[in-house]
Amino acid sequence: MATTDTATGTTPSSAPRSPLAGAVRMADYWATVYRRTWKGSVISSFVTPLLYIVAMGVFLGGFIQDDPAKLEGATSYLAFVAPGMLAAQAMTVVFGEVTYPVMSMIKWQRTFYGMIASPLNIADVVLAHLGFVLFRVGTVCAVFTLVMAPFGVFESWWGVLLSFPVQLLIGLAFAAPLYAITAAMRSESGFSLIFRLGMIPLFLFSGAFFPISNLGPVMEWLARLTPLWHGVDLTRMLVLGTVDWSTAAIHVVYLVTCAVVGYLLAVRTLEKRLID
Amino acid sequence: MTDAAEPMIRAVDLRKSFVSKQGTVEAVKGISVEVRRGESFGFLGPNGAGKSSTMRMVAAVSPITSGELRILGMDPAKDGPGIRARIGVCPQEDTLDTELNVADNLYVYGRYFGLPRADVRTRVEELLEFVQLTEKAKAKVEDLSGGMKRRLTIARSLINRPDMLLLDEPTTGLDPQARHVVWDRLFRLKQQGVTIVLTTHYMDEAEQLCDRLVVMDKGLIVAEGSPLELIRAWSTREVAELRFGVGEHEALAAKVADLAERVEVLPDRLLLYTSDGEETLAKVHERGLAPAVSLVRRSTLEDVFLRLTGRTLVD
Ligand SMILES: Nc1ncnc2c1ncn2[C@@H]1O[C@H](COP(=O)(O)OP(=O)(O)OP(=O)(O)O)[C@@H](O)[C@H]1O
Ligand SMILES: [Mg+2]
């Protein structure tokens, strides 16, 4: 029976009280999407980073015998590169999730329009999607950390525990602004630019693989401006147990700012684009 | 909650303009309508009449430019989510998630309305049954035919047991058989007392489904009433259609003008508006005119539209 008599309905449908309450309503949607897609992302999410670690950390790192002072306090290159790769991996997952899938929702499949025809608002939908991205970042980083543990590269167990929410923060600091950028893009042709001129240089030059002091003063200064460097530095000081709390606070504030400003921009950009 | 006296939709001098780099398009130029509870109401009009623009404002997804609009007694500018919680929307273009299967599309959508999981699950089964897609529950949306997708969208719009159902061109692009299936389902909903608001450019659809309708053209309402009232007011009981050779119609119109209340010249035929079509046809033959094809039919909303705008509905 398709009756509309609200009296016969059990719980009447309602508007969510807050973006968070709205986002929670989308949990089943993202769970369904994940059940359908997780197999396809296993290799890129879990296997590739491990190949990197083995190749660069173990085999390449075997050649690098440097003074721990030059490796920011790490006792081996592997210990130096592992937290860097962890943070860089958090970022890479985000770039995969917040480019093509977002454009599909607003342009190709137009599912975004269906979502906001329900009681949900754009702010709710974006928040839910960011939540899913964090779930992806979280699973990838957790696996990565577990696999790294036997290599003896972590100096501080509580630092390792703290580094997990930091990876989520790094993810959010990239996901939210990137959401805003994708929301403003008319076609997917810009994505290759974002990957080549955005993600790859960040990946290579934000201190994940070598200390940014090697870059020379100008480039080092530039590297310090990137969110990934803040994430890498924060992660590294946590897992190596070399935390300088005031620097750590600056990193956190920087990353939180990226996340909040990015989210607000993403919502505004989408409101302009989808509501006319 | 709305009180019983409050109409489902009340629009007064409602306008919608789209501003872009190319300039401003006035899609809706001041329309006033009231839709009452339990009624099925139609917006009939050709491409670009402003039907979808109106429907999107009513669905609380597109802000109004000026005028007044109340939906279920609420202001869409303030209570958008509250309104959307209580209506069902079937947009002109499907927004189904083509990568999810049929049942999941319904299930996840139900959750957006804040309905408990168990309720949504039973509802999904009922609705699949209702739109005859139970066998397709596990099929991917990609693999459905156009008519099935449309039925799924209709099912999705019913997931929250809406007080009012908005359907923007529910059957455009479907083959006749698929259209009849959709009509049948909508007719059942109408019988259950669901308030239905639909747009269409098919006059037969409007005649079948609408208690009352407005004819829209170029952003304005040009007539309003029940299908029968509109036909009575703007057309004759019958129409004699005459087909002559290509290019002859204009010249022949003058020769038969006095035989009917009104004559319309279309590129491929003459329409003679009259109370008794057979009699008119006989007189045409008496004058020695021999149309290649002739037929007599009842007036439809198509004729009303032609009379009001000088154009045919579907071009
Ligand atoms: N988002 C938009 N931006 C700019 N112009 C628009 C927009 N939506 C509609 N229009 C314009 O407004 C006018 C009315 O369009 P609308 O879609 O409301 O008509 P319609 O009656 O639904 O037509 P159709 O039968 O083709 O669906 C058209 O001229 C259309 O080009
Ligand atoms: Mg339309």
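Evaluate the stretch B:108-131: report whether one residue or more is of a type in the set (Val, Ile, Thr) and within 16 Å of ligand 2 (Cβ to nearest atom).
From the stretch B:108-131, those of a type in the set (Val, Ile, Thr) are B:108, B:120, B:122, B:124, B:131; that's our starting set.
Still in the list and also within 16 Å of ligand 2 (Cβ to nearest atom): none.
Looking for residues that are of a type in the set (Val, Ile, Thr) and within 16 Å of ligand 2 (Cβ to nearest atom), one finds none in the stretch B:108-131, hence no.
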(request) Check the stretch B:29-38 and report whether any residue there is at pLDDT 95 or above, among the hydroxyl-bearing types (Ser, Thr, Tyr) and within 24 Å of residue A:113 (Cβ to Cβ). (result) no
(request) Hand me the list of helices (runs of 4 or more DSSP H) wholly inside the stretch B:46-138 holding 1 or more residues that are of a type in the set (A, V, I, L, M) and facing chain A (nearest Cβ under 9 Å). (result) B:76-86, B:102-112, B:117-130
(message) Can you say whether residue B:24 is hydroxyl-bearing (Ser, Thr, Tyr), more than 16 Å from ligand 2 (Cβ to nearest atom) and within 13 Å of chain A (Cβ to nearest Cβ), as far as the supplied structure shows?
(response) yes
(request) Could you look through the stretch A:24-47, keep only residues that are exposed (fewer than 14 other Cβ atoms within 10 Å of the Cβ) and among the β-branched types (Val, Ile, Thr), and pick out the one that is farthest from the other protein chains (Cβ to nearest Cβ)? (result) A:47
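Residues to consider are B:159, B:154; find the one that is aliphatic (A, V, I, L, M), surrounded by 22 or more Cβ atoms within 10 Å (Cβ to Cβ) and more than 9 Å from chain A (Cβ to nearest Cβ). Quick ask: steps written out before the conclusion?
Numbers: B:159 fails: more than 9 Å from chain A (Cβ to nearest Cβ).
Answer to the check: B:154.
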(request) Go through the stretch B:70-126 and give me each residue that's of a type in the set (S, T, N, Q) and farther than 19 Å from residue A:125 by Cα. (result) B:92, B:101, B:122
(request) Can you confirm whether the stretch B:33-43 contains a residue that is within 12 Å of ligand 2 (Cβ to nearest atom) and among the β-branched types (Val, Ile, Thr)? (result) no
(message) Between A:175, A:180, which is part of a helix (DSSP H, G or I), modelled with pLDDT of 95 or more, under 30 Å from residue B:17 (Cβ atoms) and in contact with a Leu (Cβ under 8 Å, 6 or more places away or on another chain)?
(response) A:180
(request) Please go through the stretch A:108-127 and pick out each residue that is farther than 19 Å from residue B:165 by Cβ, β-branched (Val, Ile, Thr) and facing chain B (nearest Cβ under 8 Å). (result) A:111
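The values are calculated or read from the model by the stated rules, or taken from the named source; none is laboratory data. Every value quoted in this text rests on a predicted model; they were computed, and no experiment measured them. Cβ coordinates were reconstructed from backbone atoms using ideal geometry, including for glycine residues, and neighbour counts include every protein chain displayed.
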